[in-house]
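**Student:** Below is the structure I would like to discuss, written out as structure tokens.
The values are calculated or read from the model by the stated rules, or taken from the named source; none is laboratory data. Small disclaimer: the values here were computed from a predicted structure and weren't measured. For neighbour counting, all protein chains shown are included, and Cβ atoms are generated from backbone atoms with ideal geometry for every residue, glycine included.
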Amino acid sequence: MRKVDLIISTDLKAAPLDMQRAHDSIRQRVHAIQILSWVVDLNNNHDGMSTATIDVENGPSIKGSLVLFLDPMFINGVISCRALLEFLGLCWCKHSNQLAEIRKRHSEDDIGIEQFSNASGPLKKATPAEALKFYPGLSADAENAFLVIFKIANKELAHLTHTNIDDLISYDHLMIASKGITALMTNFFYTPLGLEAPVSPISTHSKHGSTLG
């Protein structure tokens, strides 16, 4: 991997990052979001109670209902969406119910985009306006998708509640958020650092052998 300089912002007192570990953690989050897009699309087109089989190379086959495999991927994907939105410098302002910019990191060990630099200096956080302009549709739709991610990641996925997540989030919310955050990571993080953005780690094949994606 190309060597990237590190800048620690003055309001953080944590020890310098292990750069390889930081990049690995960020890549894992990006992969989780890419997988989320696949999970949402698969769940939208198949009954969750359908039977699914995972074939482990040189290992056993694991069989169970599709939803048992998809649910952990869904949870990991939504939590990773929230994590990378905050990494980019974005948060949910509960008072105004709007997407807002993080002014100061909550904890000393939080990793933020501003801790990385290129030849021009530290990378800049994404402003809400910049984040929303990457969506080709209505900015209100993109903002709503990001806000829903914050809401269910903060509450419904982190706690046992009476709320049905399906009543809060839709297929469109999830697709806008997952694809939008992937694009934001490419434009605000990987491209400024001169790095290739991670490609999706998952592929599927039809029963006839053709690759689906």
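**Student:** Please give the number of the condition Lys104 fails out of (1) surrounded by fewer than 19 Cβ atoms within 10 Å (Cβ to Cβ); (2) out of contact with any Asp or Glu (no Cβ under 6 Å at 6 or more places or on another chain).
**Tutor:** Checking Lys104 against (1) surrounded by fewer than 19 Cβ atoms within 10 Å (Cβ to Cβ); (2) out of contact with any Asp or Glu (no Cβ under 6 Å at 6 or more places or on another chain), the one that fails is (2).
**Student:** Also, quick follow-up: Identify the single condition in (1) in contact with a Gly (Cβ under 6 Å, 6 or more places away or on another chain); (2) over 15 Å from Leu184 (Cα atoms); (3) charged (D, E, K, R) that Lys125 does not satisfy, given that it satisfies every other one.
**Tutor:** Exception for Lys125: condition (2).
**Student:** Further, regarding this structure: Applying the selection to segment 84-98, what residues are among the polar types (S, T, N, Q) and either without any contact (Cβ under 8 Å) to a residue 40 or more places away in the chain or within 12 Å of Asp110 (Cα to Cα) (or both)?
**Tutor:** Going through segment 84-98, the residues among the polar types (S, T, N, Q) turn out to be 96-98.
Ser96 - this is the single residue of segment 84-98 that is among the polar types (S, T, N, Q) and either without any contact (Cβ under 8 Å) to a residue 40 or more places away in the chain or within 12 Å of Asp110 (Cα to Cα) (or both).
**Student:** Could you grab the pairs with beta carbons closer than 8 Å, sequence gap of 6+ or different chains, first residue in segment 27-55 and surrounded by 14 or more Cβ atoms within 10 Å (Cβ to Cβ), second one modelled with pLDDT of 90 or more and of a type in the set (Phe, Trp, Tyr)?
**Tutor:** As it stands, the answer is Arg29/Phe87; Leu36/Phe74; Val39/Phe74; Val40/Phe74; Asn43/Phe74, since those pairs meet every condition given.
**Student:** Modelled with pLDDT of 80 or more, under 21 Å from Lys125 (Cα atoms) and among the polar types (S, T, N, Q): which single residue out of Gln34, Gln28 fits that description?
**Tutor:** Gln28
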